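The values are calculated or read from the model by the stated rules, or taken from the named source; none is laboratory data. Not measured: the values here are computed from a predicted model. Neighbour counts are summed over all protein chains in view; Cβ atoms, including those assigned to glycine, are modelled from backbone coordinates with ideal geometry. These accessible areas exclude ligands, DNA and RNA; they are computed on the full protein's heavy atoms, side chains included. Shrake-Rupley method; radii C 1.70, N 1.55, O 1.52, S 1.80 Å.
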Amino acid sequence: MELAFSSDQRELLDAFEQFFSKESGPAVVRRAEPLGHDDSLWHRLDAMEVWGSGASTADLAVIAESAGRWIAPVPFVEHAVASPLIDEVGAGIATIALRPATADGAWRLVPAGAVADVVIGVDGADLVAVRSTPPGSGPLNHASAPLADRSARDGVRTVLGPAADMAALLARWKVLTAASLVGVASMALELALAYVQERQQFGVPIGSFQAVQHGLADLPGMIDGARLLAHKAAGAIDRGDDGRCNIALNEIDDPLALASMAFVFAADVAAHATDRSLHFHGGYGFAEEYDIQLYYRRARGWALILGEPTAELLTLADRFWPETVAAQGSGH
Amino acid sequence: MDFELSPEVVAYRERVRRIVAAHNTPEAIRVQHETGTFNNPALNRALAAEGLIERAVPGLGAGDPIELWVLFNEIEKAGSPVDALGVAVMIAGVVQHVGNDRQKAELIPAVTSGEALICMGYSEPDVGSDLSALTTRAVRDGDEWVINGAKMWTTMAHEARWVILLARTDPDLPRHKGLTMFLIPMDTPGIRVDPVHTMATERTNATFYDDVRVGDDCVLGEVNGGWRVMSVALSFERGVMGGTNPGVPLLEHTAAWARRSGRLAEPAVREKLARVAIDNHVAALLTQRSAWIAASGGLPGLEGSMTKLFASESYQKASRWFQEMAGAEGLLQLEQPGAAADGWIEYDARHSPVTTIYGGTTEINKNNIAERHLGLPRARR
Ligand SMILES: Cc1cc2nc3c(=O)[nH]c(=O)nc-3n(C[C@H](O)[C@H](O)[C@H](O)COP(=O)(O)OP(=O)(O)OC[C@H]3O[C@@H](n4cnc5c(N)ncnc54)[C@H](O)[C@@H]3O)c2cc1C
């Protein structure tokens, strides 16, 4: 048992904290808006060869947390999930379409869809990879994320397997997104701590007011809890555990369920932490010039791209209490 | 990170689980709710008979130190009370760390045999969160101490064989420094126990100490070192020894009710159940982390505060959600016909408020975290 990062993981974290803090500071993030992609940062990150087949989900989650802390304008999570499947298709940015293609073959609002060379997703009964020219732009959105619609039919299309194979990709995406949301939340807390110690009102730092302290003091436990859950999920994915969900004993090893839990919880924590942090910045928190608004928008945008949390929770409930699914004759 | 328990710990857990299942009977539960004494003596003895309590005592047992958490987590998940045995085991651990030979020889076997309970006399009628302001006095008289004062909320005092009593021994020293911890048999002349009844059926007590005379060998740890002894005790307690997963039996009771009543098919019900399952799991992981830190030789004070804060707040949220979900039937108590979840939803709605109060209130834990973890300046209060 070891409920902290291993020494290897701490080194990994240090290395990426150095990289992102230097290469993806707030000026870089702002310059990349509204598209939300910095191609030269991407190439420098790509050169670090983190995608090697040896990278475990747990190690990638450590890096994703750092990318989240610096809200790096690169599709780290999407590429980490999709690229292992496209060796035969070739290099470039890869991503996944979170929802199946529409009847007329469109993948809607694909994360990193504006910049990805290859999109993997479900089209009918198949999991397919489609290589085509990225549009380079997309709809303006809350998180300044490079979203775009992509075609599941036009381009070089390869069938990778049955549509059911998508579940494992989605689980990895949820876990790594959860880890990056942990990073968003932890940096939002750090921004708040710096601000409330510097800002003075009534002749004292606002961080000496108990109301302000108590608004921040429940965050570290939630953030630590979100990190523990994300890494429990990552470990389950890496081991390929069987699907045990025993709610009565609170024992859950199932990778898909844990991924979903980690995602919902981290999304909640990131929304909450950015909300509190922005609030304790007062009016400046609302100003474009302050960094917390960048975090506030990504906390929501990175999570809600999967859809409403309720749908995720209902799917989880189906796994936890499957007898009702049987009674209804169908799942969600 | 590695969340796996070793095979020995898994084997320990299975034994505990089997014994808890055998002794957490409807009859035992009925007696608890009838008497207000939330203890299960038969369970304690059965665990002791297999050596499972001794293994878990911090610093004593042959077991993996993580077994302390496993023991109380299993009892709690089954919906069986944890506090009575929990306090006894915690104090056995404190005695093991700082006690004298006689204290060790008398108290530890009494606890590990499942026979003796111990109560904690910290809080007073006028002193709660600001504990170092306590006024119970112990004055030296020859080679004895004479103790006078009143304690409040001395839970299990009516059953316990000993009390650990925090008293002021030197009023001239700064507040935290003039306190001493005593370990006193409850049958010592001059101790009186009056019941205090609570909203959640559980009985606690007011205790009074009137010229109670004890020898030097009743001092636990150093004279004027009581605050440190209490910190050791707290580090075992907070977030390690149970009290952080009450949402598990609540969820189980509620899901079973939802299944029986057909409500489980409703999306609004399923969404809330799933949310509580997530919170329960996070609370367990935070607890496991505190336990891991303690088992690795650390003092998980702040992590314990974070765990206690998250677990108690999310349990309260869950119990409110479930009571609202159950509607009018959620108001009916245990054994009442038609009660939602056989009355457990109503019971948890009555019980959950205390979890953000005892063992350090939410606000005190937030003060701790703000000052010692977040590094914020001492608050203006
Ligand atoms: C059922 C039950 C069992 C208990 N068992 C035991 C036991 O066995 N042994 C024992 O010694 N004690 C026991 N306690 C006592 C328990 O530890 C205290 O209730 C707790 O420490 C709070 O103290 P208090 O009740 O005096 O509240 P107070 O300290 O008076 O607090 C009242 C309110 O003010 C808030 N507050 C106080 N100080 C601050 C501050 N600095 N900043 C912000 N807010 C503040 C508190 O958070 C709380 O909401 C028990 C209590 C209960 C209810």
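Look at (1) buried (at least 23 other Cβ atoms within 10 Å of the Cβ); (2) within 16 Å of the ligand (Cβ to nearest atom) and you find that B:Phe208 fails only one, number (1). Among the residues of segment B:260-275, those identified as more than 7 Å from chain A (Cβ to nearest Cβ) and either free of Cβ contacts under 8 Å to residues at least 24 places away in the same chain or touching a Lys or Arg at 6+ places or on another chain (Cβ under 7 Å) (or both) are B:Arg260, B:Gly262, B:Glu266, B:Val269. Taking first residues from segment B:136-157 that are on the phi < 0 side of the Ramachandran plot and partners that are within 7 Å of the ligand (Cβ to nearest atom) and in a strand (DSSP E or B), the Cβ contacts under 6 Å between residues at least 6 apart in sequence or on separate chains come to B:Lys151/B:Gly121; B:Thr154/B:Cys119; B:Thr154/B:Gly121; B:Thr155/B:Thr204; B:Ala157/B:Cys119. Considering segment A:298-313, the residues that are open to solvent by 20 Å² or more (accessible area, probe 1.4 Å) and of a type in the set (A, V, I, L, M, F, W, C) include one that is nearest to the other protein chains (Cβ to nearest Cβ), namely A:Ala311.
Looking across A:Ala287, A:Ala267, one residue alone is small (Gly, Ala, Ser), closer than 25 Å to A:Gly183 by Cβ and within 14 Å of chain B (Cβ to nearest Cβ). It is A:Ala267.
For segment A:138-173, the set of residues classified as within 22 Å of A:Ala64 (Cα to Cα) and open to solvent by 30 Å² or more (accessible area, probe 1.4 Å) consists of A:Asn141, A:His142, A:Ala167, A:Ala168, A:Leu170, A:Arg172, listed by residue number. Among the strands (runs of 3 or more DSSP E) confined to segment B:52-159, the ones with at least 3 residues that are within 13 Å of the ligand (Cβ to nearest atom) and at pLDDT 95 or above are located at B:118-121, B:144-151. Just to be sure, is B:Thr188 open to solvent by less than 70 Å² (accessible area, probe 1.4 Å), more than 16 Å from the ligand (Cβ to nearest atom) and either within 14 Å of chain A (Cβ to nearest Cβ) or more than 21 Å from the chain's Cα centre (by Cα) (or both)? Judged against the criteria, B:Thr188 is a match. Considering only residues in segment B:297-306 that are touching a residue at least 60 places away in the same chain (Cβ under 8 Å) and under 19 Å from A:Phe5 (Cβ atoms), the one that is nearest to the other protein chains (Cβ to nearest Cβ) turns out to be B:Met306. Please go through segment B:74-92 and give me each residue that is in contact with a Leu (Cβ under 7 Å, 6 or more places away or on another chain) and open to solvent by 10 Å² or more (accessible area, probe 1.4 Å), ordered by number. The one that is in contact with a Leu (Cβ under 7 Å, 6 or more places away or on another chain) and open to solvent by 10 Å² or more (accessible area, probe 1.4 Å): B:Lys77. Checked against the criteria, A:Ala259 counts as within 18 Å of the chain's Cα centre (by Cα), away from chain B (no Cβ under 11 Å) and buried (at least 24 other Cβ atoms within 10 Å of the Cβ).
Only a single item in (1) within 21 Å of the chain's Cα centre (by Cα); (2) at pLDDT 95 or above; (3) closer than 22 Å to B:Gly93 by Cβ is not met by B:Asp217, and it is number (1).
Candidates B:Ala11, B:Ala56: the one that is of a type in the set (Gly, Ala, Ser), within 30 Å of A:Arg227 (Cβ to Cβ), more than 14 Å from chain A (Cβ to nearest Cβ) and touching a helix residue (DSSP H, G or I) at 6+ places or on another chain (Cβ under 6 Å) is B:Ala56. The residue that is nearest to A:Ile63 (Cα to Cα), among those in segment A:206-249 that are of a type in the set (Gly, Ala, Ser), at the interface with another protein chain (Cβ under 7 Å from one of its Cβ atoms) and within 16 Å of the ligand (Cβ to nearest atom), is A:Ala217.
In segment A:189-205, what residues are over 10 Å from B:Leu376 (Cα atoms), among the hydrophobic types (A, V, I, L, M, F, W, C) and either assigned to a helix (DSSP H, G or I) or at pLDDT below 95 (or both)?
A:Leu189, A:Leu191, A:Ala192 - these are the residues of segment A:189-205 that are over 10 Å from B:Leu376 (Cα atoms), among the hydrophobic types (A, V, I, L, M, F, W, C) and either assigned to a helix (DSSP H, G or I) or at pLDDT below 95 (or both).
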